[in-house]
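Enquirer: Have a look at this one.
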Amino acid sequence: MKKILLFLFACCIQFVNSQELALVKKNSKIGYISKNGDFKIEPKYKSARSFSEGLAAAEENGKWGFIDTKGTFTIPATFDDAKDFNSGIAVVKKGKDWVYIDTKGEIQKAPASEKLFDFKDGVAFFRQNNKVGLINPKMTVVLEPKYDQIKPFENGFARVENNKKWGIINTSGKELIEPAYDEIGNYFKNTSWARKDKTFGVVSAGNFIPVDGAEKIWDFETQDLTFAKKNGKIGFIDLKGNWVITPIYDKAKAFSKNLAPVCVGSKWGYINPKAEFVIEPTYNDAEVFSSNGLAPVKEKNWGFINETGKLVIPTQYGITANGIIAMFVQQDKGFIGGVARVKNEGKWGFLNPDGTVISNQWFENAELFSQTEKKETIEVAVEKPKQEIKQAKPATKTAAKPAVKKKK
């Protein structure tokens, strides 16, 4: 039988203008460098922000606008303040009012809201009658205001609160865990930790599973184990709420690369999922391993070890958490995107994994490297059998900032 084919247009995301730039401050002026240390934009701004979606907010003559990666103002500096672009939308201040603009600088009319909130990865909060809902970048309501609070989205999920009870939603507003818990953690592999009254446990497939003797549970991160407290000591549980590593440690941090920092007394080392010490506790502090297999460890100052425990970068630096320590947000200590931001003798710079300093330069201030790519949607003709013409809707990515902080 002759096979019937149908031509369909599939939308694809193509990344253009792809590069990473870091904001740095030199001689009291802000510029931007690439990962080879070259200035892509020479230091010339009094105030500016990191790049996001191909644009960076920058100040000129007391007003804010947006520059491209060549340092050209593509959106003129006419605003009194400006935040980062996300999902093609930025929050800017005109006079006393905060408004949304698109990448052309055109004001977008949003649904009425008691406060204005940033977009992040596809949605923003809006508040009416003290209830919070969601809108998309087209300024269309995704979720009517129904919650007392929505916390920041991460990986497509957010904690929501009604009547002092917590649950989980996704960016389409679908309730994955109903608000029925006194506390709740992040959502990882369809599972979250939660507290009901005084009992800690995990919620999976709609069921609450108490964790024997747990006094506190931390978020699952990149592996199927997380740390929890019992009788004042730290151990590890799995996604089913089972204790898989006996709580005998004084402190602990998340597993990464099958290694977790744990503290015995006042010294830190690393164990594997079998609770075997791969790196003996000898350090004053320790952080999780980055994807490149290096982890920050502290003696008097910070250096970096590999997965065998070998010190590959001497302990002579300061490291930073960038002021971001919050639920769902990992600290930025260590290697991110192949480089680590460190402090030495009051100056900031970036280390390569071999311990060399990028272009041997140190700055008065330095922010993390950020992608400057713009997303461009293109249509591609493809052939598919007639019976396969149904297409699933693409998943919506993560969301926005807490619905508890007002723009000032």
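The values are calculated or read from the model by the stated rules, or taken from the named source; none is laboratory data. What you are looking at is a predicted structure, and each value in this text was computed from that prediction instead of being measured. As a convention, Cβ positions derive from the backbone with ideal geometry for all residues, glycine included, and neighbour counts pool all protein chains shown.
Listed here are the residues, each with its yes/no results for (1) modelled with pLDDT of 95 or more; (2) among the aliphatic types (A, V, I, L, M); (3) within 25 Å of Val141 (Cβ to Cβ).
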| site | (1), (2), (3) |
| --- | --- |
| Gly65 | yes, no, no |
| Asp68 | yes, no, no |
| Phe73 | yes, no, no |
| Ala77 | yes, yes, no |
| Asp81 | yes, no, no |
| Gly88 | yes, no, yes |
| Val92 | yes, yes, yes |
| Trp98 | yes, no, yes |
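Enquirer: Out of Ser204, Ser192, report the one residue that is modelled with pLDDT under 95 and either touching a strand residue (DSSP E or B) at 6+ places or on another chain (Cβ under 8 Å) or surrounded by 14 or more Cβ atoms within 10 Å (Cβ to Cβ) (or both).
Expert: Values: Ser192 fails: modelled with pLDDT under 95.
Among Ser204, Ser192, only Ser204 is modelled with pLDDT under 95 and either touching a strand residue (DSSP E or B) at 6+ places or on another chain (Cβ under 8 Å) or surrounded by 14 or more Cβ atoms within 10 Å (Cβ to Cβ) (or both).
Enquirer: Anything in segment 137-181 that is outside any strand (DSSP E or B) and in contact (Cβ under 8 Å) with a residue 40 or more places away in the chain? List them, or say none. Walk me through it before giving the result.
Expert: Restricting attention to segment 137-181, the residues satisfying the condition of being outside any strand (DSSP E or B) are 137-140, 148, 151-153, 155-156, 163-164, 171-174.
Once the filter is applied, which keeps residues that are outside any strand (DSSP E or B) and in contact (Cβ under 8 Å) with a residue 40 or more places away in the chain, segment 137-181 yields Pro137, Lys151, Pro152, Phe153, Asn155, Gly156, Thr171, Ser172, Gly173.
Every residue, every condition in (1) without any contact (Cβ under 8 Å) to a residue 12 or more places away in the chain; (2) of a type outside the set (Lys, Arg); (3) surrounded by fewer than 14 Cβ atoms within 10 Å (Cβ to Cβ), yes or no:
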site: Glu53; (1), (2), (3): no, yes, no
site: Ala57; (1), (2), (3): no, yes, no
site: Asp81; (1), (2), (3): no, yes, no
site: Lys96; (1), (2), (3): yes, no, yes
site: Gln108; (1), (2), (3): no, yes, no
site: Pro111; (1), (2), (3): no, yes, yes
site: Lys131; (1), (2), (3): no, no, no
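Enquirer: I want to confirm something. Restricting to segment 213-224 and keeping residues that are in a loop (DSSP other than H, G, I, E, B) and closer than 16 Å to Asp197 by Cβ, which single residue is farthest from the chain's Cα centre (by Cα)?
Expert: Filtering segment 213-224 for residues that are in a loop (DSSP other than H, G, I, E, B) and closer than 16 Å to Asp197 by Cβ, the one farthest from the chain's Cα centre (by Cα) comes out as Gly213.
Enquirer: Could you tell me how many of the residues in segment 226-252 are surrounded by fewer than 21 Cβ atoms within 10 Å (Cβ to Cβ) and under 23 Å from the mean Cα position of the chain (by Cα)?
Expert: Number satisfying all stated conditions: 1.
Enquirer: Tell me, which residue of segment 225-254 that is of a type in the set (A, V, I, L, M) and either in contact with a helix residue (DSSP H, G or I) (Cβ under 9 Å, 6 or more places away or on another chain) or in a loop (DSSP other than H, G, I, E, B) (or both) is nearest to Pro210 (Cα to Cα)?
Expert: Filtering segment 225-254 for residues that are of a type in the set (A, V, I, L, M) and either in contact with a helix residue (DSSP H, G or I) (Cβ under 9 Å, 6 or more places away or on another chain) or in a loop (DSSP other than H, G, I, E, B) (or both), the one nearest to Pro210 (Cα to Cα) comes out as Leu239.
Enquirer: Let me spell it out: the conditions are (1) of a type in the set (Ser, Thr, Tyr); (2) outside any strand (DSSP E or B); (3) within 16 Å of Ile245 (Cβ to Cβ), and Tyr270 meets all of them except one. Which number is the exception?
Expert: It fails just one condition, (2).
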